[in-house]
Amino acid sequence: MLLLHDSLLHHPFRLVRGNYGRPITDTHFSEIRHESFRKYAPVFQNAAFILTHMCILQYITAFHKALFFILYLIIFFILPFLCLLCIIIELYTLADKQKMKGAAITRRNNMLQIGCHLSASKGYEAMGKEAVKINANTFQFFTRNPRGGKAKEINPTDVEKYLAFADEHGISRILAHAPYTLNAASVDPGLREFAKLTMADDLKRMEYTPGNCYNFHPGSHVGQGAEVGIGFICDMLNEILTPKQSTTVLLETMSGKGSEIGRTFEELREILDRVSLSDKMGVCLDTCHIWDGGYDIVNHPDEVLTEFDNIIGLSRLKAIHLNDSMNPLGSHKDRHAKIGEGEIGLEALTRIINHPALCHLPFYLETPNELDGYKKEIEILRKRYTE
Ligand SMILES: [Zn+2]
Ligand SMILES: [Zn+2]
């Protein structure tokens, strides 16, 4: 026990402390043991502290490593990938725009001007955009509700936007259509006056988009005889046409349904002859109407066009309504069919768009279609158009 105590006396704690001059007892031994613990405690504490911090450090380092790894991923992979994606999208959009421009230029070059009847309810710019959407480079529209009535105010900003858009996309000529219920050849003076005022107002509005054509159905004589009806039509035209107008007014070839005037080329010639400002006048040929009117454009297109040229003059022809017909030749019915689904057929209509006397003219579809259907017909006809 004493030996143990002696050895303890030489224990470093004892030396360090140096205040243990008292005889060593068991109590002292316990005290010394306690002291030795106190002596080494800071070392253990420090070690524990360091170990703990090392663990934390290790944890932080691992966390940082993960963080750095994520940052590394973001900077070197995700961001470049996103940039690349943006560049690809941008290039794709540009290519699309270029393609649209290219398509417009191609259309301008190959010169098939084709469009369809569009709703004018959203204005000119909307019509232009709708036309481009279906690969058309012209369009027809009603100047107001087809049944007549008051026209919507023209918005000059819309017209300005449209003109810039039309220029960019190669839309050079458009065709306005008068309400089809107007009858300048009516027995009723009130109806004739209404037709006159409406058309005069339309012609004024047409000057917002100068240099285009305004098409109208000559009218129905309703039993008075074509000669009387033609007289009324010419009176009206002589009142409303002005030397300064830039619009060409077109007489539409009609099917001869009921008492329609314009069922023969001769009737149209007579109107043209009796209008003083004849240079403001032209003709719009409707393939369905002349077929229904008895002109065989399927089997004898050349003869029909020669007849047109002899009676009216091809120089008067400014636009074509390209429609198939639900009815046979000479039926005088006026029921339009989709391209290739009627009595005229796709082959005959293909010959029409490619005919040397007609291929430079603008063609307007008035077939029973929604926009999608028009798009398909335009695509079919463009494919069949050869310069
Ligand atoms: Zn018409
Ligand atoms: Zn028709």
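Every number in this text was worked out from the coordinates using simple rules, so none of it is lab data. All figures in this text were calculated on a predicted structure; none of them were measured in a lab. Using ideal geometry, Cβ is built from the backbone for each residue, glycine included, and neighbour counts are taken over all protein chains shown.
A few notes on this one:
- Net charge over other residues, Cβ less than 14 angstrom from the Cβ of Pro243 (K, R count +1; D, E count -1): -1
- Neighbour-count order for His332, His53, fewest beta carbons within 10 angstrom listed first: His53, His332
- Proximal charge balance of Leu272 [Cβ under 11 Å; K/R count +1, D/E count -1]: -1
- Whole-Hz Karplus values for segment 353-361 come out as 5, 9, 5, x, 7, 10, 4, 8, 7 Hz, taken residue by residue from phi with 6.51 cos²θ - 1.76 cosθ + 1.60 and θ = phi - 60°; glycine and proline positions read x.
- Other residues within the sphere of radius under 13 Å centred on the Cβ of Gly223, judged by their own Cβ, net out at -3 (K and R +1, D and E -1).
- At 1.567 mPa s and 4 °C, Stokes diffusion of segment 142-194 via Kirkwood alpha-carbon radius, µm² per second: 97 µm²/s
- Each peptide in 73-86, 258-271, 292-305 was scored by the mean count of other Cβ atoms within 10 Å over its residues; highest first, the order is 258-271, 292-305, 73-86.
- Less than 5 angstrom separates the built amide H of Leu317 from those of Val283, all sequence-distant by 5 or more or on a different chain.
- Taking the fewest neighbouring Cβ atoms within 10 Å as the starting point, the ordered list for Thr306, Thr386, Thr350 is Thr386, Thr306, Thr350.
- Contour minus Cα-Cα distance for Ser172 and Ala95 (0.36 nm per residue): 25.3 nm
- For segment 248-281, no residue has its backbone nitrogen under 14 Å from a point 7 Å from the Cα of Asp309, taken along Cα to Cβ.
- Put simply, the amide H of Asn212, placed in the peptide plane, has neighbours under 5 Å in Thr248, leaving out anything fewer than 5 places away on its chain.
- With R₀ set to 45 Å, the beta-carbon distance separating Glu207 from Lys376 gives a calculated FRET efficiency near 0.80.
- Segment 113-384, relative contact order [Cα under 8 Å, separation at least 6], %: 17 percent
- Spin-label model, Glu153 to Thr61: label points 7 Å out along the Cα-to-beta-carbon direction sit 7.8 nm apart.
- Once the Cβ-Cβ distance of Thr52 and Leu79 is raised to the sixth power relative to R0 = 35 Å, the FRET efficiency obtained is 0.40.
- Between Asp296 and Lys244, the distance separating the two model label sites (each 7 Å from Cα on the Cα→Cβ line) works out to 5.1 nm.
- Inter-centroid distance (Cα atoms) of segment 136-158 relative to segment 289-326, Å: 27 Å
- More than 28 Å apart - percent of Cα-Cα pairs taken over segment 113-384: 31 percent
- Simple spin-label estimate for Val228 and Ile70 gives 9.2 nm between the two label positions (7 Å along the Cα-to-Cβ direction from each Cα).
- Over 18 Å between alpha carbons, listed pairs Lys150/Lys196; Lys333/Lys376; Lys280/Lys333; Lys338/Lys375; Lys150/Lys204: Lys333/Lys376; Lys280/Lys333
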